[in-house]
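Okay, so here's the structure we're looking at.
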Amino acid sequence: MKYVENAWYVAGWSSEFTDQPLKVTLLETELVMYRLTDGSVCALRDLCPHKLLPLSMGRVEGDTIQCGYHGTVFNATGHCVRVPGQEIIPKRQCVDTYPVFEQHNIVWVWMGDAALADTDTVFDLPQFNDSNWQAHQGDALHIESNYLNVAENLVDPAHVSFVHPTTLGNAQSEDVPVHVNTDSEQITAWRWIRDAPPVGFFKQLGGFKGHVDRWHYYYLHMPSTAVIDFGSADASLAIAEADREQGMRIFALHFLTPVNATHTIDRWMHIRNRAIDDASIGDRMNELFRIAFDEDKVILEAIQQQETRIAESDNPGPVPLRLAIDKGPNEYRKRIEHLLHG
């Protein structure tokens with residue numbers, strides 16, 4: 001499978017990286033990553049060029065990593081600095097390295113041409129640095145599905161009423177049209193549900209008793225980062241779209257790591273504008289998110305199983321039908337194709 005290589009991908013939460021070697025697989029490429037003595041994280045190809053043993057099976061010594069087979073030592077720039085038993089170090093005894101950037105307790109890796117790696121292009125949100133908002137990390141959800149299908153799901157508000165009826169959606173949104181904007185760098189799909197009962201998430205955590213106005217704004221950033229801006233406000237306020245902060249507003253962030261053609265890691269977290277000093281609220285939100293995202297996982301893995309079965313069959317299978325509600329996913333596929341082939 002082909003992937004967009006010239007892009008930043010999340011390798012893990014900052015807490016996952018220590019001074020011990022960690023194997024990380026991105027875009028079907030195995031890396032070994034560890035923290036240097038200055039606290040930064042490095043990423044090398046997880047392969048000793050001598051006998052091809054994964055370097056992650058070795059050990060870190062200061063800022064270097066030693067192969068567990070014959071003790072060959074490499075520094076963080078991939079250069080071999082020691083071959084036990086001989087003074088001459090072959091020029092080919094080196095390892096590919098990858099640019100790493102750490103921000104907001106998230107570690108990113110650039111998988112393409114290192115000369116093109118620009119940290120200014122790493123995904124960010126102003127709310128990370130706003131004292132009126134609180135960030136709260138979630139999990140690393142492993143989904144046995146192609147990352148393209150997972151990303152499509154994250155620019156598709158239409159599924160929420162049916163996949164998440166007890167948490168993030170309800171029947172009142174079933175026939176509400178979805179709007180899509182493709183004029184900017186990110187794809188945006190959104191809709192408002194006015195004067196309707198609150199969904200389960202906001203019944204439990206927002207304290208809403210009567211009807212609310214609620215919204216979903218799905219922002220999909222190339223190639224695989226999604227932001228879902230959703231929330232609710234008392235319907236009596238009749239807030240305008242630009243006044244969403246008057247209600248309970250949450251950004252659910254999804255950082256998709258393509259592992260291979262049928263395995264994606266969705267590291268998710270949220271940023272909220274309510275109860276920002278109460279960590280227990282963040283934990284309770286995560287409990288409901290886990291229920292909802294597990295519902296997505298079931299759907300996406302079932303679709304992947306069907307796609308795999310059809311691809312492996314000698315008989316041509318049905319081609320997925322595209323509907324009007326698929327404008328966002330259709331645009332996403334077009335943009336990925338453009339990034340892959342120009």
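The values are calculated or read from the model by the stated rules, or taken from the named source; none is laboratory data. Bear in mind that the values here come from a model prediction, so they are computed numbers and not experimental data. With ideal geometry, Cβ positions are generated from the backbone for all residues, glycine too; neighbour counts draw on all protein chains shown.
Would you please name the residue that is farthest from ASP96 (Cα to Cα), looking only at residues in the stretch 22-54 that are more than 21 Å from the chain's Cα centre (by Cα) and acidic (Asp, Glu)?
ASP38
Let's see how each residue does on (1) more than 22 Å from ALA189 (Cα to Cα); (2) β-branched (Val, Ile, Thr); (3) modelled with pLDDT of 95 or more:
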| site | (1), (2), (3) |
| --- | --- |
| PRO258 | yes, no, yes |
| THR262 | yes, yes, yes |
| ILE265 | yes, yes, yes |
| HIS270 | no, no, yes |
| GLU312 | yes, no, no |
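Return the pairs, sorted by first residue and then second, in which the second residue is hydroxyl-bearing (Ser, Thr, Tyr), the first residue lies in the stretch 242-254 and is within 12 Å of ARG214 (Cα to Cα), the beta carbons are less than 8 Å apart, and the residues are 6+ apart or on different chains.
GLY247/SER232; MET248/SER232
Can you work out which of the residues in the stretch 141-156 that are of a type in the set (Asp, Glu) and buried (at least 19 other Cβ atoms within 10 Å of the Cβ) is farthest from PRO329 (Cα to Cα)?
ASP156
If the requirement is being part of a helix (DSSP H, G or I), crowded, with 19+ Cβ neighbours inside 10 Å and aromatic (Phe, Trp, Tyr), which of these qualifies: PHE251, PHE255, PHE293?
One residue alone meets the criteria, PHE293.
Output the qualifying pairs, or none if there are none: Cβ atoms under 7 angstrom, residues six or more apart or on different chains, first residue in the stretch 73-94 and touching a residue at least 24 places away in the same chain (Cβ under 8 Å), second residue of a type in the set (Asp, Glu) and part of a loop (DSSP other than H, G, I, E, B).
So the pair list comes out as ALA76/ASP63; GLY78/ASP96.
Tally the residues that are surrounded by fewer than 22 Cβ atoms within 10 Å (Cβ to Cβ) and farther than 17 Å from ILE187 by Cβ, restricting the search to the stretch 216-246.
Total meeting the criteria: 13.
Kindly indicate which of THR121, THR166, THR182 is surrounded by fewer than 19 Cβ atoms within 10 Å (Cβ to Cβ), over 21 Å from the mean Cα position of the chain (by Cα) and either modelled with pLDDT under 95 or farther than 29 Å from ALA235 by Cβ (or both).
Only one candidate qualifies: THR166.
To keep it simple, each residue is scored yes or no on (1) basic (Lys, Arg); (2) touching a helix residue (DSSP H, G or I) at 6+ places or on another chain (Cβ under 6 Å); (3) more than 25 Å from HIS142 (Cβ to Cβ).
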position	(1), (2), (3)
ASN6	no, yes, yes
VAL24	no, no, no
TYR34	no, no, no
LYS51	yes, no, yes
ASP63	no, no, yes
ALA76	no, no, yes
HIS79	no, no, yes
VAL95	no, no, yes
ILE106	no, no, no
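All but one of (1) surrounded by fewer than 17 Cβ atoms within 10 Å (Cβ to Cβ); (2) modelled with pLDDT of 95 or more; (3) more than 29 Å from the chain's Cα centre (by Cα); (4) not hydroxyl-bearing (Ser, Thr, Tyr) hold for ASP19; which doesn't?
For ASP19, the failing item is (3).
Can you spot a residue in the stretch 267-285 that is crowded, with 20+ Cβ neighbours inside 10 Å, in contact with a Phe, Trp or Tyr (Cβ under 6 Å, 6 or more places away or on another chain) and outside any helix (DSSP H, G or I)?
For the stretch 267-285, residues crowded, with 20+ Cβ neighbours inside 10 Å, in contact with a Phe, Trp or Tyr (Cβ under 6 Å, 6 or more places away or on another chain) and outside any helix (DSSP H, G or I): present.
Output the residues belonging to the stretch 317-333 that are free of Cβ contacts under 8 Å to residues at least 40 places away in the same chain and either surrounded by 12 or more Cβ atoms within 10 Å (Cβ to Cβ) or in a loop (DSSP other than H, G, I, E, B) (or both).
Scanning the stretch 317-333 gives GLY317, PRO318, VAL319, PRO320, LEU321, ARG322, LEU323, ASN330.
For the stretch 106-134, what are the residues that are of a type outside the set (A, V, I, L, M, F, W, C) and closer than 30 Å to GLY68 by Cα?
Within the stretch 106-134, GLY112, ASP113 meet the criteria.
Sort out for me the strands (runs of 3 or more DSSP E) sitting completely within the stretch 81-181 that have 2 or more residues that are in contact with an Asp or Glu (Cβ under 7 Å, 6 or more places away or on another chain) and within 30 Å of ILE325 (Cβ to Cβ).
134-143
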